[in-house]
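Peer 1: One structure follows; several queries about it will come next.
Rule-based calculations on the coordinates, nothing more; no lab input. Keep in mind it's a predicted model, so treat the numbers as computed, not measured. Here Cβ is always computed from backbone atoms with ideal geometry, including for glycine, and neighbour counts include all displayed protein chains.
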Amino acid sequence: MGKVIFHNSVSLDGFVAGPNDGPGNPLGDGGEALFRWYFSGDTEVQLPGSPALKMSKRSAEVFLEGIRTIGAMVVGRRMFDIAGAWGGTPPGEPCFVVTHTAPQEWVKEGSPFIFVTDGVESAIEQAKAAAGDNSVAVSSANIAQQCIRAGLLDEIHLAVTPVLLGGGVRLFEQLGDKPIELEQLAAIEGDGVTHLAYRVIK
Ligand SMILES: NC(=O)c1ccc[n+]([C@@H]2O[C@H](COP(=O)([O-])OP(=O)(O)OC[C@H]3O[C@@H](n4cnc5c(N)ncnc54)[C@H](OP(=O)(O)O)[C@@H]3O)[C@@H](O)[C@H]2O)c1
């Protein structure tokens, strides 16, 4: 079975989106700073269904290595809604969306989305089965917190960006009151970003 890995860009003060995030403001106020590193170099990275990114060579290597092994994705319903269901082309497929209510317009033959209404453990179990030896990418902070609490997360990969957002969606909260030990796997400097990777010690 592959690993379950959380990937996100985060501000130095620990936010994955600024205040007032929503469908018209996906990364919240000031949150675009979290992804400046996508456009701060001259190495082109082309993903299906997205405009070309231009990042530094080292960031491109980290980024491409991160997505190379993704076999399934798990997100929360807020991210799904805020991203407008990525127009039907999520960054990882199949894409398991944890929610209380499945949006019926996406429950159809050929949909890349599978709506999971019986919790995060079930979503991760289904995503792991779909991914086989490849990894499961967790992409929402709220889902990542639940995975950490349930001992389901294997690694945390962060792109730490030079901005203090001061508010918004916190990456690490509601983790319980026991320390969670991590092992550092990588610390790589890009242009306008530091890529950090940790293993969660269980
Ligand atoms: N910086 C980055 O790299 C990055 C990347 C991706 C996204 N983002 C941003 O990060 C934010 C993600 O939002 P978020 O972390 O607050 O929310 P989220 O995890 O995307 O979604 C939370 C929602 O998922 C549903 N849910 C969660 N756990 C559930 C459970 N156990 N059972 C049933 N339903 C459950 C609930 O929605 P319902 O009750 O409505 O079903 C809940 O309100 C957005 O602002 C997004 O733009 C940042």
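Peer 1: For each pair in Lys3/Lys54; Lys54/Lys108; Lys54/Lys178; Lys108/Lys202; Lys57/Lys178, compute the distance between the two Cα atoms and list the pairs where it is over 30 Å.
Peer 2: Among Lys3/Lys54; Lys54/Lys108; Lys54/Lys178; Lys108/Lys202; Lys57/Lys178, the Cα-Cα distance tops 30 Å for Lys54/Lys108; Lys54/Lys178; Lys108/Lys202; Lys57/Lys178.
Peer 1: Here's something else I'd like to know. Relative contact order for segment 4-200 using alpha-carbon pairs under 8 Å, separation at least 6, rounded to a whole percent?
Peer 2: Dividing the mean separation by the residue count of segment 4-200 yields 31 percent.
Peer 1: Can you give me the Cα centroid spacing of segment 105-161 and segment 1-24 in angstrom?
Peer 2: So the separation of the two Cα centres works out to 14 Å.
Peer 1: Tally Lys/Arg at +1 and Asp/Glu at -1 over every other residue whose Cβ is under 14 Å from the Cβ of Thr161; what's the total?
Peer 2: After counting each charged neighbour, the total is -3.
Peer 1: Helix-derived [θ] at 222 nm for the chain: sum -39500 (n - 2.57) over DSSP H runs of at least 4, divide by residue count, nearest 500?
Peer 2: Mean residue ellipticity, 222 nm, calculated: -5500 deg cm²/dmol.
Peer 1: What are the radius of gyration and Dmax of segment 4-200, computed over its Cα atoms and given in Å?
Peer 2: When restricted to the Cα atoms of segment 4-200, Rg and Dmax are 16.1, 44 Å.
Peer 1: Would you work out the charge dipole size for the chain about its Cα centre, treating the Cβ of every Lys and Arg as +1 and the Cβ of every Asp and Glu as -1, and quote it to the nearest 20 debye?
Peer 2: The calculated dipole for the chain is roughly 80 debye.
Peer 1: If you don't mind, another one. Under unit Cβ charges (Lys, Arg +1; Asp, Glu -1), what dipole magnitude, rounded to 20 debye, does segment 149-197 have relative to its Cα centre?
Peer 2: Rounded to the nearest 20 debye, it is 240 debye.
Peer 1: So which residue, out of Ile82, Ile67, Ile180, gets the largest mean-square fluctuation from a GNM of the chain using Cα contacts under 10 Å as springs?
Peer 2: Taking springs between Cα atoms under 10 Å, the residue moving most is Ile180.
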